[in-house]
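Contents: one structure, followed by commentary.
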Amino acid sequence: MKFCSLRSGSSGNAIYINHKDVNILVDAGLSGRTIEKALLNIGVNPKSLSAILITHEHKDHIIGAGILSRRYNIPIYANKATWDAMEKDIKEISEKNKLYFTTGEEFEIGDVKIMSFKKPHDAVEPVGFSFKCGDKKISIATDLGYMTRGVANHLIDSDVVLLEANHDVEMLINGSYPWPLKKRILSNLGHLSNDAAADVLMKLFKMKAIGIAFLGHLSQNNNKPELAFATVTDMLKKSRVKFEVRMALRNIESDVMEI
Ligand SMILES: [Zn+2]
Ligand SMILES: [Zn+2]
């Protein structure tokens, strides 16, 4: 399997997952052009996409989905509530490209087994995903107010995890956002902070439950890549666990991981 974060951050998200001839995009929250360019940069023809999976209806996850689906005849998968919430924004999608999954029920695209799991976030029915092929597993969990036991269980045994490290709490509190927005981000239905991500990863690496962690969905205003990386890795070093942490950034493709 292959994993690449094409773009990750509060300004737009698109994650690429591959197994043989199955090419999956998780979220398409940037312009069609940007996603096409990012795919081409890692040697993937946008025409070869098999599916676009949507985690939730926020704009930074859907804005290019309709364009790509129409341009390349790609099916979009989302749960019913998310379809209802996002349809007005992604515009007309042909019936055959409108596909549904039920949150918590496994489905397959080719040989890839896909599990969706609910997460606490202020959208209608937000999900994370795990992708499995044989004994390989990749999991994605961004946009969550706090780490639930349910989400953590889905991350266990993943070779690659993309986890949110959205904000530095101090930068957020001292920053320019209006208080209601700060409160939303800090709430249980908002986003994971760098400290919260570090705490989750410390537990997972201690259990030897995951291989490599990517930190993603960084806020443009309330975080910095160096700060997120340092906060998480300093805490992991202190706890003396063996770990591997990489970054999934807003404006450039991540390393392509092959597992
Ligand atoms: Zn969101
Ligand atoms: Zn988001």
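With the requirement that a residue be of a type in the set (A, V, I, L, M, F, W, C) and in a loop (DSSP other than H, G, I, E, B), what does region 3-57 give you? It would help to see each step written out before you state the result.
We begin by selecting, within region 3-57, every residue of a type in the set (A, V, I, L, M, F, W, C); these are 3-4, 6, 14-15, 17, 22, 24-26, 28, 30, 35, 38-40, 42, 44, 49, 51-54.
Those that are of a type in the set (A, V, I, L, M, F, W, C) and in a loop (DSSP other than H, G, I, E, B): 28, 30, 42, 44, 49, 54.
List the residue pairs whose Cβ atoms are under 7 Å apart, where the first residue sits in region 219-244 and is free of Cβ contacts under 8 Å to residues at least 12 places away in the same chain and more than 13 Å from residue 167 (Cβ to Cβ), the second is of a type in the set (S, T, N, Q) and surrounded by fewer than 17 Cβ atoms within 10 Å (Cβ to Cβ), and the two are 6 or more positions apart or on different chains.
Close Cβ pairs satisfying both conditions: none exist.
Mind listing just one residue for me: the one in region 204-257 that is within 16 Å of ligand 1 (Cβ to nearest atom) and over 19 Å from residue 130 (Cα atoms) and, of those, surrounded by the most Cβ atoms within 10 Å (Cβ to Cβ)? Quick ask: steps written out before the conclusion?
Keep residues of region 204-257 that are within 16 Å of ligand 1 (Cβ to nearest atom), which gives 216-223, 248, 250.
Within this subset, residues satisfying the condition of being over 19 Å from residue 130 (Cα atoms) are 218-223, 250.
On the way: 218: 29, 219: 24, 220: 11, 221: 12, 222: 25, 223: 25, 250: 20.
So the residue we want is 218.
Can you tell me which residue among 85, 78 is free of Cβ contacts under 8 Å to residues at least 60 places away in the same chain, within 16 Å of ligand 1 (Cβ to nearest atom) and surrounded by fewer than 20 Cβ atoms within 10 Å (Cβ to Cβ)? Can you show your working first?
Numbers: 78 fails: surrounded by fewer than 20 Cβ atoms within 10 Å (Cβ to Cβ).
None of the others qualify; the one that does is 85.
Can you tell me which residue is farthest from residue 34 (Cα to Cα) among those in region 228-259 that are β-branched (Val, Ile, Thr) and assigned to a loop (DSSP other than H, G, I, E, B)?
Quick first cut of region 228-259, residues β-branched (Val, Ile, Thr) only: 231-233, 241, 245, 252, 256, 259.
Among the residues that remain, those that are also assigned to a loop (DSSP other than H, G, I, E, B) are: 241, 252, 256, 259.
Details: 241: 37, 252: 10, 256: 18, 259: 26 Å.
Result: 241.
With the checklist (1) more than 30 Å from residue 20 (Cβ to Cβ); (2) away from ligand 1 (no atom under 16 Å from the Cβ); (3) out of contact with any strand residue (DSSP E or B) (no Cβ under 6 Å at 6 or more places or on another chain); (4) not small (Gly, Ala, Ser) in hand, flag the one item residue 102 doesn't pass.
With (1) more than 30 Å from residue 20 (Cβ to Cβ); (2) away from ligand 1 (no atom under 16 Å from the Cβ); (3) out of contact with any strand residue (DSSP E or B) (no Cβ under 6 Å at 6 or more places or on another chain); (4) not small (Gly, Ala, Ser) applied to residue 102, the lone miss is (1).
Go through region 117-143 and report how many residues are farther than 25 Å from residue 256 by Cβ and part of a loop (DSSP other than H, G, I, E, B).
8
Please find, among 39, 68, 53, the residue that is at pLDDT 95 or above and within 16 Å of ligand 2 (Cβ to nearest atom). It would help to see each step written out before you state the result.
Values: 39 fails: within 16 Å of ligand 2 (Cβ to nearest atom); 68 fails: within 16 Å of ligand 2 (Cβ to nearest atom).
Just a single option satisfies the conditions, and that option is 53.
Scan region 122-140 for residues that are buried (at least 24 other Cβ atoms within 10 Å of the Cβ) and in contact with an Asp or Glu (Cβ under 8 Å, 6 or more places away or on another chain) and report the count.
Count: 2.
The values are calculated or read from the model by the stated rules, or taken from the named source; none is laboratory data. This one's a predicted model, so the numbers in the text were calculated from it and none came from an experiment. Methodologically, a virtual Cβ is constructed for each residue, glycine included, from the backbone with ideal geometry; neighbour enumeration extends over all protein chains shown.
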